[in-house]
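The values are calculated or read from the model by the stated rules, or taken from the named source; none is laboratory data. What you are looking at is a predicted structure, and each value in this text was computed from that prediction instead of being measured. Reconstructed Cβ throughout: ideal geometry from the backbone, glycine too, with neighbour counts over all protein chains shown.
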Amino acid sequence: MFNVSEKAYCQALMALKNKDYALASEFFDEAAPYFGNDKEFVIFRQTAKLMVAVKAERRRLKKTDGIQIEEVFSDG
């Protein structure tokens, strides 16, 4: 059986797969006490936070100004 943090990590990865970065960020925050020192976890968590910030800034600007963001995930 998975503990609460492990379930949150799995849910965060599924949210990333579905490109729901805000939800992924919430699940990563929930899993952080257990996985906070894992390098892969930290990269995923920071990537989700960055994508939330980028999308928020794009909404704020309400235009793209020719900026294109390509989302690339290996093995996913």
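Which residues, counting only those in region 37-62, are over 12 Å from the mean Cα position of the chain (by Cα) and within 16 Å of Lys7 (Cβ to Cβ)?
Asp38
Can you pull out the residues in region 32-51 that are hydrophobic (A, V, I, L, M, F, W, C) and either in contact (Cβ under 8 Å) with a residue 60 or more places away in the chain or surrounded by fewer than 13 Cβ atoms within 10 Å (Cβ to Cβ) (or both)?
Scanning region 32-51 gives Ile43, Leu50.
Given the options Met1, Met14, name the one that is free of Cβ contacts under 8 Å to residues at least 24 places away in the same chain, surrounded by fewer than 17 Cβ atoms within 10 Å (Cβ to Cβ) and assigned to a loop (DSSP other than H, G, I, E, B).
Result of the check over Met1, Met14: Met1.
Output the residue which, of all residues in region 28-66 that are in a loop (DSSP other than H, G, I, E, B) and touching a helix residue (DSSP H, G or I) at 6+ places or on another chain (Cβ under 8 Å), is modelled with the highest pLDDT.
For region 28-66, the residue satisfying everything is Gly36.
Counting just the residues of region 17-31 that are in contact (Cβ under 8 Å) with a residue 24 or more places away in the chain and farther than 19 Å from Glu71 by Cβ, which one comes out surrounded by the fewest Cβ atoms within 10 Å (Cβ to Cβ)?
First pass over region 17-31, keeping only residues in contact (Cβ under 8 Å) with a residue 24 or more places away in the chain: 17, 19, 21-22, 24-25, 30-31.
Now restrict to residues that are farther than 19 Å from Glu71 by Cβ: 30-31.
On the way: Glu30: 16, Ala31: 25.
Per the criteria, the residue is Glu30.
Quick one: what pairs do we get from region 52-73, first residue closer than 21 Å to Glu40 by Cα, second surrounded by 10 or more Cβ atoms within 10 Å (Cβ to Cβ) and modelled with pLDDT of 80 or more, C-beta under 6 Å, 6+ apart or different chains?
So the pair list comes out as Val52/Tyr21; Val52/Ala22; Val52/Ser25.
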